[in-house]
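Inspection log for the structure reproduced underneath, given as structure tokens.
The values are calculated or read from the model by the stated rules, or taken from the named source; none is laboratory data. Since we're looking at a predicted model, the values are computed, not measured. For neighbour counting, all protein chains shown are included, and Cβ atoms are generated from backbone atoms with ideal geometry for every residue, glycine included.
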Amino acid sequence: MAEALVGGAVLSAFLQVAFDRVASLEVLDFLKGRKHIDGMVQKLKIELMSADAVLIDAEEKQITNPAVKEWLDELKDAVYVADDLLDEIAYEALRCKLEAESTSKVRGLISTFVSSFDKSIQSELKNILDRLESISKQKDVLRLEKVAAVGIPSRPLTTSCPEEYGVFGRDKDKEAIFMKFQSSDASDNGICVVPIVGLGGVGKTTLARFIYNDKRVTDSFDHKAWVCVSENFDCFRILKTILEDATLSMCDIQNMNLLQIKIRETFKDKKIFLVLDDVWNENYDDWIELLKVFKCGAQEIKIIVTTRIEKVASNVRTDLAYLLNQLSNEECWLLFEKHAFRNGSSGEFPLLREIGKQIVQKCGGLPLAAKTLGGLLRFEEDLRQWTKILKSDIWDLPKGNNSILPALRLSYHYLPSHLKRCFSYCSILPKDYEFKKKELVKLWMAEDLLQQSKGNKRMEEIGEEYFDDLVSRLLFQRSSNNESCFMMHDLVNDLAKFIFGEFCFKLEIDDSGVITRKTRHFSYVRTEFDAFKKFNMSYEAKGLRTFLGFDLSLPEWTRNSISAMMIDDLLLTFKCLRVLSFSTYRNMKELPKSVGNLKHLRYLNLSYTSIERLPNSLCTLYYLQTLLLSECEYLTKLPTKMWRLVNLRHLDIVKTKLEEMPLHMGKLRNLQSLTTFIVSKHNRSNIKELGELLHLSGALSILNLQNVQHARDAMEVNLKDKQHLYELVLEWGHDKDSSENEINVLEHLCPHSKLESLTIENYGGTGFPKWLQDCSFSNMVYIRLANCKYCYSWPPLGDLPNLKKLFVEGFHVVSHVDREFYGGGSSAVKPFRSLEILSFKDMPEWQEWFLFEGKDEDEGGVFYNLQKLCIIKCPKLSRGLPNHLPALMALQIEDCPQLVASLPRSPNLSKLQLSNCDELLLKELPPRLLQLEVGEGRILQSFVELMMSIPGGGLPTTLKTLSVQGTFLLPRRHYYPSLEELAIEGGFDSLWCFPLEFYPKLKSLLVSDSESLESLSCAPNLTEICIFSCEKLKSLPEGMCTLLPSLESLELFKCPELESFPKGGLPSNLVTLDIAKCHKLFSRRMEWGLQGLHTLKQFKIWNGIENVESFPDEALLPSTLTEFTIGGFPNLKSLNSKGFQHLTSLQRLEIQSCYGLRYLTEERLPASLSFLILRQCPLLKQRCQRDKGKDWPKISHIPFIQIEDEVIT
């Protein structure tokens, strides 16, 4: 087999995994009595090894030879089939082993089944052998040969010549490199090496040239040299080139020793500037050998190294590497424009400019892409050609001048074969998708992309090493939005897709594509409704391994639905699935028993579904590694034979309603992560079982600890030895009396000292155990102590050096927070020195907070790093708010009516929330405040007085968001120039008109529960108005059609006195209109003038007049409408066909709570409809039944139809 060499064949790693599988003891045992099958398996190995011998040659030749590519794809497809057969044999071997102890009756049934299996597998093995023999014969026709390593793709050497068209967007980068050169910390023995690291095509060489040709380099250095190192790190060649470049003369020295002597003589007492461009060599020793030569008595040596690999940068640097980021879209456009247009200007071509801007978006900030695409269109004035380039993938661009794909493919070329498989698999990821390391590693593991380690490394550790390697090579990049997530650059994603070809089908980009027989991996972006029509799946792809949906928003916010018919068909058709996800389909209540047929399945994700139970057949999925059930809020029980899932490694049951664990969980010895363990009331799931799970890592919650009957059982959990756990939650049931047993249980649940996060909840002891009172938990960053009602003392939490987040709530007997809270450490070391968030909540007896301010109050005392402070529901607290919190950015004080204090001095405070804290002194507002929320109580009046006492209104000029709750007198004639969002809940005292003209930048206005508001004035930048429960509101702003030009959304709820819209109608740019419980307004609906709103897309109407029997009225709605929701019409009997006939853009129709609605329209609903949702319309359910209902012909053309929670299409 081919080694995992740099540039090795990707299929070789695939074959190795398959061979490792059939070499397992279970399989060898199984094949002993099956000589015929064993012989066929051995023959299969020989055929595959024969093909493997020429794979390196084939993978290179496929780039230019379509016949070789077709042969290679056929071979890959055959290998997939062979791998499935070998996996099936391994599964059968494992099944026989697990069921070997069954009764004689069961043995008889097994014997019959095994005989049937033998016949079936022999037939399938014969078929694949015949196919492989045919494929193997073709390799000679194609002249494929055995080669030791991949040839290096030829590409031009770089030079130091300046860029012909100039450099765009790199001035700041250039100056940053010069700053590094000037830093005294950057040099080592007079040598300063600054690596520039970046993705292929990002402009590393361009930046190096930009610096190399800078006047400061020319004037400051005696010699400078440029070497394009590339893949061949030949020290002699590099040194000879440096000498020739520096002296501007040829060198005929052929001896390394003489060459080094000559360089030393030339560089002695000189200032030298070197660029080593395009370095790939990761060998540290080679670099050290090269560097020795430069320790030659030179006055100073500055070296720039450009590379795509962070490991190279780590080897060579004397200072931190410089990570070169992509250009902005505007900078990219300037470069594109320079190359694409005559004289470098698009001024004469406005239409081409518009398309060009879109093309630049595709470049993703890569200058190479902008330059190449601009060059392809140089002097091209045909709009069709520009549109063609816009819509083309990078592999479809003209080959001659397309340098994008070769440049990116070079990074792939240098990957070892095992990394090539992992990288190409990532073509299933949607563009712009943010993924986590552990998420992707679980998928790689399920697809058998990880090579088994000969040592004791866990598969997860191997996967994380692979992941880190791809990050080092910049094929994965850390997300700018979330530090724990990563992304692939769009063009890198395109590269992965190009490499994987038809074996991966991604619905995101292949909307019009077809799944073929070769397709093995299918992914898509989930939408609100997913049915079989959407996927148009070809049943030809019987070997599908991956069915994976992705959510581009947070899963807790998604409300997706899926057709039950689709689930059934999916499980019955695609029996080779290894990865299957139904996550976030909220209407999914059960998993069919047929899931037990998916014997290859390794990964099953049912998170955020409404699953109520799991079938027992799930327990026959002996290869299952990952089972994700997070936030399955209706799941109360797991199957009883879960212990049979012997390969299960990850079980996520966070936020389920499980009442207990199944028996024998301790037998799942391969478990690496178990998010939750629920202790049984009747000792069925004993906490001792956790002691048998030796490899647990990550996060673990142990719930219902009140059910531990003997404290010694907790000792057997042996948390101290579970070194890979970083997060621990210990939780008792609610409302338990103080218990000595709970004290002992907690004492025995001592975790290891590397723990990072600890939560203790509903603990009934009076004090905390000894292990929490020492300061050995140096890695602890998060602690939450909740509802420890009987605890009267504190652990010395201030001694924890890295504690960043501390949440304390529900301590009902604590009256003072004093010195013990800060710890007993050295006076030279400040307590809580790393704390960033501190929260106290629900402490009814707390009266005083002892403040340990420290010696230097100007530095902020003890909490000098605190960024957020919350004090909530502490009714007796009267003293003790820190005076100075220099890093504080957010402060929340609620329901602390006796707290006498002033706001702390916090120059960076940007968010302030105050409610029911009557004694708090509000003298002034922080100068940099961005968000302010003021609630009920005397604090509201203090706020209003502050506003009235200061000219201009007293609000900081930085304030963007203001939320006020309660009755108050709003100051008049005050100007609020920066405010963008305003929310007011409650009355305005005597105010009847809200003066919006004093809020020139206001974009969003929410007014609710006002008993006095009668009218509004105008603000030119308002984009959103929401008015809820304002029972006296009679009119909207006069002339709002012209005075509110930016308004896009208008929501009116429960405004019974509002009779009509103003003369002239609503603003012309309105996109969304929601009206609910505005009876007088609804009665004059034909005067609304909606037909004139040509941008209106979404309209919702709720709870109209009770005597309405048919709706909508003819000519009421504009033809631009795409979404229409009708709800709360108790006497509505039918939909008006004439009201729908002109709605040619309507895509979504939702009807809710129309209990009397008997039938839909007389004619078919609009042909444009894609979604029909019916909820709480009981009389329609029968009429809209699939294929049978009387109204079915009127709706059968709609792709997605949901009735209640069931998708029927």
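What to note about this one:
- Restricting attention to region 1099-1134 and to residues that are among the small types (Gly, Ala, Ser) and closer than 15 Å to His1079 by Cα, the residue that is surrounded by the fewest Cβ atoms within 10 Å (Cβ to Cβ) turns out to be Gly1128.
- Residues that are modelled with pLDDT under 90 and on the phi > 0 side of the Ramachandran plot, drawn from region 822-881: Gly823, Gly854, Gly860, Gly861, Gly880
- Failed item, numbered, when Glu464 is tested on (1) touching a helix residue (DSSP H, G or I) at 6+ places or on another chain (Cβ under 9 Å); (2) assigned to a loop (DSSP other than H, G, I, E, B): (2)
- Summed over region 1079-1107, the residues that are in the same structural domain as Ser1119 (by TED's automatic domain parsing), among the small types (Gly, Ala, Ser) and closer than 21 Å to Glu1048 by Cβ give a count of 0.
- Residue within region 782-799 that is under 16 Å from Ile702 (Cβ atoms), among the charged types (D, E, K, R) and either in a helix (DSSP H, G or I) or touching a Ser or Thr at 6+ places or on another chain (Cβ under 6 Å) (or both) present: yes
- Residue within region 1156-1179 that is assigned to a helix (DSSP H, G or I), modelled with pLDDT of 90 or more, surrounded by fewer than 15 Cβ atoms within 10 Å (Cβ to Cβ) and touching a Leu at 6+ places or on another chain (Cβ under 8 Å) present: yes
- Listed conditions (1) crowded, with 22+ Cβ neighbours inside 10 Å; (2) at pLDDT 90 or above; (3) more than 16 Å from the chain's Cα centre (by Cα) are all met by Lys518, apart from (1).
- Helices (runs of 4 or more DSSP H) within region 199-251 that include 1 or more residues loosely packed, with under 14 Cβ neighbours inside 10 Å: 215-220, 235-247
- Residue list for region 552-597, restricted to those being at positive phi and of a type in the set (Gly, Ala, Ser): none
- Search result, residues across region 1135-1146 that are surrounded by fewer than 17 Cβ atoms within 10 Å (Cβ to Cβ), under 43 Å from the mean Cα position of the chain (by Cα) and modelled with pLDDT of 90 or more: His1142, Thr1144, Ser1145
- Selected residue (criterion: modelled with the lowest pLDDT) from residues of region 177-221 that are closer than 25 Å to Val293 by Cβ and basic (Lys, Arg): Lys180
- Test: residue in region 725-740 that is farther than 25 Å from Phe811 by Cβ and assigned to a strand (DSSP E or B): yes
- Listed by first and then second residue, the pairs linking a residue in region 271-290 that is closer than 22 Å to Asn257 by Cα to a residue that is among the charged types (D, E, K, R), with Cβ atoms under 8 Å apart and 6 or more places separating them unless they lie on different chains, are Ile272/Asp222; Ile272/Lys224; Ile272/Glu300; Ile272/Lys302; Leu274/Lys224; Leu274/Lys302.
- Some residue of region 702-716 being within 29 Å of the chain's Cα centre (by Cα) and assigned to a strand (DSSP E or B): yes
- Those residues of region 279-305 which are under 43 Å from the mean Cα position of the chain (by Cα) and among the polar types (S, T, N, Q), in sequence order: Asn281, Asn283
- Residue count, region 897-956 (criterion: touching a Gly at 6+ places or on another chain (Cβ under 9 Å), outside the structural domain of Glu845 (by TED's automatic domain parsing) and small (Gly, Ala, Ser)): 2
- Candidates Leu276, Leu290, Leu324: the one that is touching a Ser or Thr at 6+ places or on another chain (Cβ under 8 Å) and within 18 Å of Cys228 (Cβ to Cβ) is Leu276.
- Exclusive hit being within 24 Å of Thr159 (Cα to Cα) and not charged (D, E, K, R), set Asn329, Asn281: Asn281
Here's the yes/no breakdown for (1) within 34 Å of the chain's Cα centre (by Cα); (2) at pLDDT below 95:
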residue: Leu671; (1), (2): yes, no
residue: Ser680; (1), (2): no, yes
residue: Arg684; (1), (2): no, yes
residue: Ile743; (1), (2): no, yes
residue: Ser753; (1), (2): yes, yes
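- Checklist (1) crowded, with 21+ Cβ neighbours inside 10 Å; (2) within 16 Å of Ile653 (Cα to Cα); (3) not polar (S, T, N, Q) applied to Leu601, failing item: (2)
- Top-ranked residue of region 1048-1080 - restricted to ones that are of a type in the set (A, V, I, L, M) and closer than 19 Å to Asp1009 by Cβ, ranked as surrounded by the fewest Cβ atoms within 10 Å (Cβ to Cβ): Ala1076
- Criterion (under 24 Å from Val654 (Cβ atoms), aliphatic (A, V, I, L, M) and buried (at least 21 other Cβ atoms within 10 Å of the Cβ)) met by exactly one of Leu570, Leu624: Leu624
- For beta carbons closer than 7 Å, sequence separation of 6+ or different chains, a first residue in region 167-184 that is over 29 Å from Phe336 (Cβ atoms) and a second that is modelled with pLDDT under 95 and not aliphatic (A, V, I, L, M), the qualifying pairs are Lys180/Asp319; Lys180/Tyr322; Phe181/Cys192; Phe181/Lys302; Ser183/Asp319.
- Selection count where residues are farther than 24 Å from Leu1047 by Cβ and not small (Gly, Ala, Ser), scope region 1095-1135: 14
- Set side by side, the residues Asp285, Asp245 differ, and just one is closer than 23 Å to Ile309 by Cα and at pLDDT 90 or above, which is Asp285.
- Residue within region 166-184 that is assigned to a strand (DSSP E or B), surrounded by 15 or more Cβ atoms within 10 Å (Cβ to Cβ) and of a type in the set (A, V, I, L, M, F, W, C) present: no
- Filtered residue count, region 323-348, keeping only those that are assigned to a loop (DSSP other than H, G, I, E, B), surrounded by 16 or more Cβ atoms within 10 Å (Cβ to Cβ) and modelled with pLDDT of 90 or more: 3
- With respect to the conditions (1) more than 24 Å from Leu577 (Cβ to Cβ); (2) touching a Phe, Trp or Tyr at 6+ places or on another chain (Cβ under 8 Å); (3) not in a loop (DSSP other than H, G, I, E, B), Leu475 lacks only one, and its number is (3).
- Just one of the listed residues (Phe574, Phe582) is touching a residue at least 12 places away in the same chain (Cβ under 8 Å) and closer than 20 Å to Leu554 by Cβ, namely Phe582.
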